[in-house]
Amino acid sequence: MRSRAIQTVRLPPRKMSEVNIGKRKEKCENCTKQCNKKQTDDGAGSQQEGDEVNGQVNEGPQLLLSACLSCDGCLSEEESLKISQQSLEEVERVLALNKKCDVTKHKVLVASVCPQSLPYFAVKLGLDINEAAHKLCSFLKSLGVQYVFDTTLAAGFSILESQKEFIQRYRRRHHDSHAMPMFTSSCPGWIRYAERVLGSLVTPHICSARSSQQIMGCLVKDFFSKQQKLSPEKVYHVVVAPCFDKKLEAVREEFYNSLLESRDVDCVLTSGEIYYLMEQRKVSVENLDSVPLDHVLGEAGDAALVRYEGRSSEGFLEHVFKHAAKELFGLDVQEITYKTLKNRDFQEVTLERDGETLLQFAAVYGFRNIQTLVHRMRKGRVPYQLVEVLSCPGGCLSGRGQAESDAGGRTDKTLVQQMEEAYTSMPVCLPEVNPTLHTLYQDWLQGQDSPQAGTLLHTQYKSQTQTHTQPPHMQW
């Protein structure tokens with residue numbers, strides 16, 4: 001593809017708190033009325049429970065729960081303040097201070113780019129994905145960022161830890177009612193929904209492995225800062241992600257070190273926000289150098305970008321499925337065949353031997369499908385051992401931070417299709433055979449089953465439901 005100069009943007013990117021604010025407020029008021037009505041209606045719960053046709057919840061008008069749960073009705077003042085700091089303005093403030101203040105007070109800026117963001121820049125810049133990554137790296141460093149990583153390495157940790165936890169859960173399934181099904185934990189929109197709305201029905205089933213973003217935060221603030229002989233608070237860590245909800249994840253309390261007064265991830269910017277900054281500064285792609293991304297271990301050379309298996313995300317389902325087939329049943333699975341149910345965002349994968357079903361996993365994307373899943377769970381009709389759950393229909397490539405059309409509010413389907421093509425052009429890597437992961441397990445974490453690995457690679461998700469405002473039976 002030919003490169004081109006970036007055109008002037010028509011509209012600035014909307015902050016998370018500004019996304020469809022008029023429509024969202026109207027919807028949220030309606031939700032509140034509906035919520036209050038349901039609380040006073042003793043028969044509401046049973047009526048909702050029975051509203052299912054052919055296994056699909058009949059929900060009526062669709063509401064983006066991620067938008068709902070990030071509005072003023074569900075965000076505390078403290079959370080709102082923290083979210084307001086997840087902005088281009090905050091990053092530019094840090095960069096400006098680096099130019100003005102005493103060098104001893106400078107922050108070392110580190111940017112970590114999610115693999116699902118790179119296809120966006122490839123399409124927007126008219127380049128192949130490797131060249132787009134190099135141009136993005138060049139642009140970020142021209143701003144004053146010293147190091148640019150991609151988060152594939154951190155995703156490898158998350159996949160390996162999820163695989164290990166699944167095996168442990170499967171083996172205790174007969175005496176632990178919360179062991180199965182296991183829900184993936186990489187999507188902050190889903191996690192927020194589970195904690196704030198679904199509560200104890202779901203939270204014990206959520207995998208404890210941290211997402212790739214937060215493992216990358218630990219890797220930068222703990223391992224990399226020590227390698228560079230820097231204290232963590234001297235490092236300002238920015239993540240470039242496809243999703244606004246990643247901002248909510250970054251400000252969670254468990255990812256803040258009060259002793260060091262440092263967050264694992266200081267700021268999350270969406271792909272769209274970075275591209276807006278490129279447009280704002282009238283950057284010509286041809287004038288950007290081709291700068292390879294940095295390596296956490298500091299080794300030289302330009303390693304080719306890789307991805308993990310999966311349609312448009314980090315591939316937890318496929319990696320855990322193949323690992324479990326081998327570990328539990330001694331079966332080598334080369335290709336995975338998805339069975340589409342109601343739509344392409346609700347699919348099943350089954351492992352069979354001699355007519356017996358050994359494993360049954362599901363990929364459930366988008367809140368309409370998630371609500372169907374939860375409804376079946378309440379009824380005790382979930383046959384799956386693992387469910388990969390993502391709040392965005394279509395998966396991470398369709399995140400609101402990069403896949404919305406210029407008009408806003410709607411997914412740009414053409415853009416998403418182009419991003420999918422770019423993403424699948426990347427070669428697939430298995431985390432099990434990544435030598436850097438094995439090195440870091442030993443040099444950073446003192447072993448795969450060490451207490452440090454348990455602390456830095458895992459977290460816990462707990463019920464935060466408030467039934468007076470968010471009844472768990474509420475349909476979204």
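The values are calculated or read from the model by the stated rules, or taken from the named source; none is laboratory data. What you see is a predicted model, and the numbers here were worked out from it, not measured in a lab. So basically every Cβ, Gly included, is an ideal-geometry build from the backbone, and we count neighbours across all protein chains shown. Calculation scope for accessible area: heavy atoms of the full protein, side chains included, ligands and nucleic acids excluded. Shrake-Rupley method; radii C 1.70, N 1.55, O 1.52, S 1.80 Å.
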### Task
Among the numbered conditions (1) open to solvent by less than 80 Å² (accessible area, probe 1.4 Å); (2) within 18 Å of residue 221 (Cβ to Cβ); (3) at pLDDT below 95, tell me where residue 455 comes up short.
(1)
### Task
Any chance you could count how many residues in the range 296-339 are in contact with a Ser or Thr (Cβ under 7 Å, 6 or more places away or on another chain), modelled with pLDDT of 95 or more and surrounded by fewer than 21 Cβ atoms within 10 Å (Cβ to Cβ)?
0
### Task
Go through the range 128-173 and give me each residue that's modelled with pLDDT under 95, open to solvent by 20 Å² or more (accessible area, probe 1.4 Å) and in contact with a Pro (Cβ under 8 Å, 6 or more places away or on another chain).
150
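Within the range 104-127, does at least one residue satisfy the condition of being over 30 Å from residue 285 (Cα atoms) and open to solvent by 40 Å² or more (accessible area, probe 1.4 Å)? Break it down into steps so the answer makes sense when it comes.
Of the range 104-127, the ones over 30 Å from residue 285 (Cα atoms) are 104-105.
Now drop any that are not open to solvent by 40 Å² or more (accessible area, probe 1.4 Å), which leaves 104-105.
Yes - at least one qualifying residue is present in the range 104-127.
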### Query
Of the numbered conditions (1) in a loop (DSSP other than H, G, I, E, B); (2) of a type in the set (Val, Ile, Thr); (3) more than 20 Å from residue 250 (Cα to Cα), residue 123 satisfies every one except a single condition; which is it?
(1)
### Message
Just the residues that are out of contact with any Phe, Trp or Tyr (no Cβ under 8 Å at 6 or more places or on another chain), of a type outside the set (D, E, K, R) and assigned to a loop (DSSP other than H, G, I, E, B), please, taken from the range 90-120.
### Response
101, 106, 114, 117
### Task
With the condition kept exactly as written, say whether any residue in the range 133-155 is over 22 Å from residue 234 (Cβ atoms), of a type in the set (Phe, Trp, Tyr) and in contact with a Ser or Thr (Cβ under 8 Å, 6 or more places away or on another chain).
no
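Please verify whether residue 252 is modelled with pLDDT of 90 or more, under 19 Å from the mean Cα position of the chain (by Cα), more than 30 Å from residue 360 (Cα to Cα) and open to solvent by 10 Å² or more (accessible area, probe 1.4 Å), treating the condition exactly as stated. Lay out the reasoning, then the answer.
Values: modelled with pLDDT of 90 or more: yes; under 19 Å from the mean Cα position of the chain (by Cα): yes; more than 30 Å from residue 360 (Cα to Cα): yes; open to solvent by 10 Å² or more (accessible area, probe 1.4 Å): yes.
For residue 252, the condition - modelled with pLDDT of 90 or more, under 19 Å from the mean Cα position of the chain (by Cα), more than 30 Å from residue 360 (Cα to Cα) and open to solvent by 10 Å² or more (accessible area, probe 1.4 Å) - is met.
With the condition kept exactly as written, say whether any residue in the range 255-265 is under 16 Å from the mean Cα position of the chain (by Cα) and within 22 Å of residue 143 (Cβ to Cβ). Step through it out loud before you land on a result.
Taking the range 255-265 as the starting set, the residues that turn out to be under 16 Å from the mean Cα position of the chain (by Cα) are 255, 264-265.
Pick out the ones that are also within 22 Å of residue 143 (Cβ to Cβ) and you get 264-265.
Yes, the range 255-265 has at least one match.
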### Task
For the range 146-161, indicate whether the set of residues that are in a loop (DSSP other than H, G, I, E, B), of a type in the set (S, T, N, Q) and either in contact (Cβ under 8 Å) with a residue 12 or more places away in the chain or touching a strand residue (DSSP E or B) at 6+ places or on another chain (Cβ under 7 Å) (or both) is non-empty.
yes
### Message
I'm trying to understand the selection: among the residues of the range 388-420, which are more than 18 Å from residue 125 (Cβ to Cβ) and crowded, with 23+ Cβ neighbours inside 10 Å?
### Response
388, 389, 390, 391, 392, 395, 396, 398, 399, 400
### Task
Look at the range 174-233 and say how many of its residues are closer than 23 Å to residue 360 by Cβ, of a type in the set (A, V, I, L, M, F, W, C) and open to solvent by less than 20 Å² (accessible area, probe 1.4 Å).
11
### Message
Looking at 384, 423 in this structure, which one is modelled with pLDDT of 90 or more, open to solvent by less than 30 Å² (accessible area, probe 1.4 Å) and outside any helix (DSSP H, G or I)?
### Response
384
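Here is a yes/no grid of residues against (1) out of contact with any Leu (no Cβ under 9 Å at 6 or more places or on another chain); (2) closer than 24 Å to residue 206 by Cα; (3) among the β-branched types (Val, Ile, Thr):
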position: 325; (1), (2), (3): no, yes, no
position: 344; (1), (2), (3): yes, yes, no
position: 356; (1), (2), (3): yes, no, no
position: 365; (1), (2), (3): no, yes, no
position: 376; (1), (2), (3): yes, yes, no
### Query
Between residues in the range 221-248 that are more than 30 Å from residue 194 (Cα to Cα) and in contact (Cβ under 8 Å) with a residue 12 or more places away in the chain and residues that are part of a loop (DSSP other than H, G, I, E, B) and aliphatic (A, V, I, L, M), which pairs lie under 6 Å by C-beta distance while being six or more apart or on different chains?
224/296; 232/260; 233/260
### Message
Out of the residues in the range 77-89 meeting the condition of being assigned to a helix (DSSP H, G or I) and among the hydroxyl-bearing types (Ser, Thr, Tyr), tell me which one is least open to solvent (accessible area, probe 1.4 Å).
### Response
80
### Members of the range 249-264 found to be free of Cβ contacts under 8 Å to residues at least 60 places away in the same chain and among the aliphatic types (A, V, I, L, M), listed by number
259, 260
